[in-house]
Ligand code: HEM
């Protein structure tokens, strides 16, 4: 498969260096990201090694012992003593180092925040606060863990590819030849959660190529072009079906209960804090070039560009009707790598070109192929709701029941109240009222089909 890096016409799919979209790996970098920062920043890496080796539990873990709390506090004390390492030209001029810097600092940040006791204020020490704000400013993404840290820039080969000749180019990794570099829990369940998304990114590359071909043909717009577009859209429906299978396959190696209680809590951002504590970045007011962040939502695969691209291409409109508040989907753009965000903006500049083309072509076969592709995306979202139910809604209900039974307040056999029924609605890591939100995005996708 080849994807030309030039922009064929105004609305073409612009794949290439300028948008960091690779013809083999799409939104993932074509080579495994670097594993360790150079010596200048070794203290960050060493502190991350210590946290991983420490096997820490979150501050609100049901089975947290006094000894667990002391061990994580002794690690946090070391973090507080760590000097503020420089974010200098050597780091900022090298995108690979910057990405690794963001990954290391945001893993440190989440370890720090989530191991704190739940009744103390969240004050992120200067040693993490200042560099993470600086690195994030340069990358133009928020100073907390994002999908790019857990998935896009967090992989390596299980087995290095045979072709070692750099002139021959790098092979895209096979979907079963991936490993994650960094995890919080060390559990295969966490790794599988990240790799499921990575596989979707890689498999989605064919969809990008089909989009490019479709747009080229739309530019021509004759009878042959209509036949070709129809064929591309049918193939695209098949690719999206495979994305759905890859999503459902997460169940093979990621256990819902372990995911819910041992993996997911590490991802919480400021807007998922149970006691609504603010994240304070120590020393930020003393630095002229820095300001406190405005919003901090934890990482969500809602930040995956491939799903957004499919929406834009097929003409699914997720824009918020309430103009004061940006939609979740547009909020998530700000958490994506800047060039991917620009890529999406470029595509959205001419909204729904494919959909209008289908409407005006009045060709039955073309319409049918388009609807099949939209239906496949709707079915991807149906599957996604099954996954969210299995991995979040179900375990949250069981945890609420167990907590209430444990509190021994049920003496008459009354049914405990599951979360989302009487209390606040259940939140996604991206801070949404997840049940309503996922249903809405699914319904908006279905409504995009043309009758
Ligand atoms: C165990 C696996 C997964 C769970 C439990 C899960 C859960 C969720 C939740 C709760 C949301 C609501 C937004 C928020 O975070 O507040 C969400 C949004 C989203 N997720 Fe997932 N997700 C999983 C895997 C994936 C994967 C592998 C992808 C694809 C790369 C994906 C793509 C999306 C997208 C695009 C959204 C935005 C809403 C939409 O487009 O329908 N998710 N997810």
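Is region 340-348 home to any residue that is within 12 Å of the ligand (Cβ to nearest atom) and modelled with pLDDT under 95?
no
Looking at (1) surrounded by fewer than 20 Cβ atoms within 10 Å (Cβ to Cβ); (2) in a loop (DSSP other than H, G, I, E, B), which one does residue 145 not meet, given that it meets all the others?
Going through (1) surrounded by fewer than 20 Cβ atoms within 10 Å (Cβ to Cβ); (2) in a loop (DSSP other than H, G, I, E, B) one by one, residue 145 breaks only (1).
Exactly one condition in (1) farther than 30 Å from residue 236 by Cβ; (2) within 18 Å of the chain's Cα centre (by Cα) is false for residue 277; which is it?
The single condition residue 277 does not satisfy is (2).
Counting only residues that are within 21 Å of residue 306 (Cα to Cα), give me the helices (runs of 4 or more DSSP H) lying completely in region 149-254 with at least 3 of them. Step through it out loud before you land on a result.
Numbers: elements: 188-203, 205-220, 223-248, 250-253.
Per the criteria, 188-203, 205-220, 223-248.
Conditions (1) within 30 Å of residue 222 (Cβ to Cβ); (2) over 23 Å from the mean Cα position of the chain (by Cα); (3) surrounded by 17 or more Cβ atoms within 10 Å (Cβ to Cβ); (4) modelled with pLDDT of 95 or more, marked per residue:
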| position | (1), (2), (3), (4) |
| --- | --- |
| 371 | yes, yes, yes, yes |
| 378 | no, no, yes, yes |
| 398 | no, yes, no, no |
| 420 | no, yes, yes, no |
| 424 | no, yes, no, no |
| 429 | no, no, yes, no |
| 437 | no, no, yes, no |
| 448 | yes, yes, yes, yes |
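Just checking, does region 90-98 include any residue being at pLDDT 95 or above and over 27 Å from the mean Cα position of the chain (by Cα)?
Yes, region 90-98 contains at least one residue that is at pLDDT 95 or above and over 27 Å from the mean Cα position of the chain (by Cα).
Among the residues that make up region 301-317, is at least one of them farther than 25 Å from residue 210 by Cβ, under 22 Å from the mean Cα position of the chain (by Cα) and more than 12 Å from the ligand (Cβ to nearest atom)?
Narrowing region 301-317 to residues farther than 25 Å from residue 210 by Cβ: none.
Scanning region 301-317 turns up no residue that is farther than 25 Å from residue 210 by Cβ, under 22 Å from the mean Cα position of the chain (by Cα) and more than 12 Å from the ligand (Cβ to nearest atom).
Of all the residues that make up region 255-277, how many are in contact with a strand residue (DSSP E or B) (Cβ under 7 Å, 6 or more places away or on another chain) and either more than 16 Å from the ligand (Cβ to nearest atom) or assigned to a loop (DSSP other than H, G, I, E, B) (or both)?
Looking only at region 255-277, we keep the residues that are in contact with a strand residue (DSSP E or B) (Cβ under 7 Å, 6 or more places away or on another chain), and these are 270, 272, 277.
Subsequent filtering for residues that are either more than 16 Å from the ligand (Cβ to nearest atom) or assigned to a loop (DSSP other than H, G, I, E, B) (or both) retains 277.
So the count comes out to 1.
For residue 364, only one of the following conditions fails: (1) surrounded by 17 or more Cβ atoms within 10 Å (Cβ to Cβ); (2) away from the ligand (no atom under 15 Å from the Cβ); (3) modelled with pLDDT of 95 or more. What is its number?
Residue 364 satisfies every listed condition except (1).
For the list (1) within 16 Å of the ligand (Cβ to nearest atom); (2) more than 21 Å from residue 183 (Cα to Cα); (3) surrounded by fewer than 19 Cβ atoms within 10 Å (Cβ to Cβ); (4) more than 19 Å from the chain's Cα centre (by Cα), I need the number of the one condition that residue 248 fails.
(4)
Does region 27-42 contain any residue that is assigned to a helix (DSSP H, G or I), over 22 Å from residue 80 (Cβ atoms) and modelled with pLDDT of 95 or more?
The answer is yes, given that some residue of region 27-42 is assigned to a helix (DSSP H, G or I), over 22 Å from residue 80 (Cβ atoms) and modelled with pLDDT of 95 or more.
The values are calculated or read from the model by the stated rules, or taken from the named source; none is laboratory data. As the structure is a prediction and not an experimental result, all values here were calculated from the model. Please note: Cβ atoms are built from the backbone with ideal geometry, for glycine as well, and neighbour counts cover all protein chains shown.
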